[in-house]
Structure formats: C-alpha cells, structure tokens
Amino acid sequence: MKSIVFLGGGRITSALITGLRLARFDRRIVVHDRHPQKLEELRRQYGVKVDTGLHRAVRSAGMLVIAVRPDSVRGLLEEIRPDIDKRMIAVSLAAGVPLAKLRGASGPGVRWARAMPSPLCRRGHGLTALVFGRGVSRTQRKEVRTLFAEVGKVVEIPESRFDAFTVTFSSSQGYHALAALMVAAERVGLDSKTARMAAAHALADAIAVWREGTVPLEELLEEAATPGGTAAAVMAAMDAAGYRRIVERGLRAGIGQARRNAAR
C-alpha cells in the first residue's frame, strides 16, 4: 500500500502523528515540509519518514493530506498538479477552502475530501469533521474515516455546515473560557492555584458528567441554579451582560474568516 503523505509539518500534522503513534497505526507516513529542521524534529520524535523533495513526496502518495495554511493551498496545488495521481484520495485540512476551490486548483479528476481534526487528536480524544467531494469511492471514504477514527470520533457533515462546525468545535473554545474564568476568579479574590482548580472543575468536570450521563443539559442547569442562589445570580448577570450574544458574535467572526480564506 502506498504512503500517506502530509504536505506541511506544522502543529496539526504533529498532533495527528502523535495520536496515530499512540494508536499504533502502522501504515507508512511520509511528511514533506519546506523547512528541513521541522522535518528533522518530526523524524526524531515520531520516527516518520520525511522527504525534502516536494514532487517526489507527492508521487509516492496513496493518500495526500494538505496541511498548510489556507492562503498557501492554491499555490501548492498548482505546483504539484502534474504529480498528483488521479486515482488517489486527497484530503485538505485547510479551514475555509471549499471543495470547488480544491478541485479548481488541482485539476479535474482529483478526488477530494475535507477534514477538520481537533488538536485533541494528539491524545486520542479528537473529533474530526469530514465532507467528501464527488467521485470519492466507498473504499476511499472508508480509508479516510479509518485514518481519523484512530485519533478520536468522526462525524460527516454537509459542506454548507462545515465552517459553522469548525468554529464551534475548536478546543480553543474551552481553553479561552477556562482562561477567562480563571482570570475573573483571581480578580474576585482567589489565588492563581485555587482559581485554576475551581475553573477547571466548573468546565471540564461538569461537562464530563453531562457527557457521561443521561440527564438533559436543561435539567442540569436548573439543578445547579437554585432560585435565589449564587449560581443563578452569576448566570443571570452574565446573560444580562450579553454573554450569549458575545459567543455568537465570536462564532460569526470565525465563519467570516473562513469565507475570506475561501475567496483567496
């Protein structure tokens, strides 16, 4: 079986390879990047094959994974267009770049999928959104799903909803909320260590209980926010300050950036 070739050796490639190694994924992986030092680090840390030759790496691929910045995708695909084997499956990890743009840059006949894996795949707890373009065979769909299922859950969604999912599921949402809660806790009187512990419990442990149980979120909220209690007062004040509107505004800003990426 031919190699899975990653073009781009950045953070998401590193996270995926870490998760795949943790899962003892045994298919041959090759990484190309224009920075030799980055390749050497990946080779040393994860034992993957690296190739400094872009065109040679593409010609060795059975699955091609595009893991570069969105604004670099078009130029890269136009450069490797003669080297792409039209029988293989190509997978883009670039946020906001639609299938139509990928097909246009790579030329007719290339079978495309888009994937958006969470960095939490590094620990085997990832979540990957997938959408397949036209012409992708059942075998190729299975091949792509199998790859990302090694590092967490996989969900297939329509491309029209892809950007909305991407801006919602990012682990940055959790980190950002955790950081904001920790800072607020320190400002109202907790030391940093206690603030970190309390904020982590409020977010991580509460969500874990919800995910593992069968009680609807609405009931958990009602249970936690006793009328006249402190939790009810906190949530009411946050909502009055526009908390939900701010979250929605943030998601819309992310979708807007994805659309700007698509227009490049």
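We did not get these values from a lab; they are worked out from the coordinates using the rules stated. Everything numeric here is computed off the predicted structure, so don't read it as measured data. Note: ideal-geometry Cβ built from the backbone for every residue, glycine included; neighbour counts use all protein chains shown.
Quick notes on this structure:
- Volume in Å³ per residue [convex hull over Cα atoms, computed for segment 58-205]: 128
- Segment 28-59 and segment 158-174 have their alpha-carbon centroids 29 Å apart.
- Spherically averaged projected area of segment 204-245 from its Cα convex hull (nm²): 3.5
- ³J(HN,Hα) computed for each position of segment 28-39 - Karplus, 6.51 cos²θ - 1.76 cosθ + 1.60, integer Hz, glycine/proline x: 5, 10, 10, 10, 10, 8, 6, 9, x, 5, 5, 5
- Per-residue extension of 0.36 nm, minus the Cα-Cα distance of residue 226 and residue 83, leaves a gain of 45.1 nm for this segment.
- Amide H contacts of residue 31 (H built 1.01 Å from N, in plane; Pro and chain starts excluded): 6, 49, 50, 51 sit under 5 Å, all sequence-distant by 5 or more or on other chains.
- Close amide-amide hydrogen proximity is noted between residue 113 and 90, 91, 92, 133, each under 5 Å apart and 5 or more residues distant or on a separate chain (H modeled in the peptide plane; Pro and chain starts excluded).
- Expressed per residue, the C-alpha convex hull volume of segment 1-44 stands at 68 Å³.
- Candidates per trypsin sites (Lys or Arg not before Pro) in segment 145-176, loop by DSSP, up to 15 other Cβ within 10 Å: none
- 10 Å binning of all Cα-Cα separations within segment 171-263, expressed as whole percents from 0 upward: 14, 35, 37, 12, 3, 0
- Over segment 136-175, all Cα pairs binned in 5 Å intervals from 0 give whole-percent P(r) values of 6, 18, 20, 26, 20, 7, 3, 1, listed from short to long.
- Hz values of 3J(HN,Hα) by residue in segment 103-113 - Karplus curve (6.51, -1.76, 1.60), Gly and Pro given as x: 5, x, 7, 8, x, x, x, 6, 8, 10, 9
- Cα-derived Rg to Rh of the chain, Kirkwood definition: 1.04
- Sequence-distant residues sharing a close amide H with residue 152 (under 5 Å, placed H): 126
- The charge dipole of segment 3-158, taken about the Cα centre with unit charges on the Cβ atoms of Lys, Arg (+1) and Asp, Glu (-1), comes to about 340 debye, rounded to the nearest 20.
- The charge dipole of segment 146-233, taken about the Cα centre with unit charges on the Cβ atoms of Lys, Arg (+1) and Asp, Glu (-1), comes to about 340 debye, rounded to the nearest 20.
- Farthest positive-ward along the chain dipole, Cα basis, beta-carbon charges - from 247, 4, 15: 4
- Semi-axis lengths, Å, segment 101-160, gyration tensor of Cα atoms, sqrt of 5 times eigenvalues: 23, 12, 10
- Rounded to the nearest 10 degrees, the angle from helix 11-22 to the longest Cα principal axis of the chain is 90 degrees.
- Summary of packing: across the peptides 47-53, 214-220, the per-residue average of other C-beta atoms within 10 Å ranks them, highest first, as 47-53, 214-220.
- Sequence-distant aspartates and glutamates (8 or more away, or on other chains) whose Cα lies within less than 18 Å of residue 49: 26, 33, 40, 41
- Taking the chain as a Gaussian network of alpha-carbon nodes connected by springs under 10 Å, the highest mean-square fluctuation of the residues 125, 55, 201 belongs to 201.
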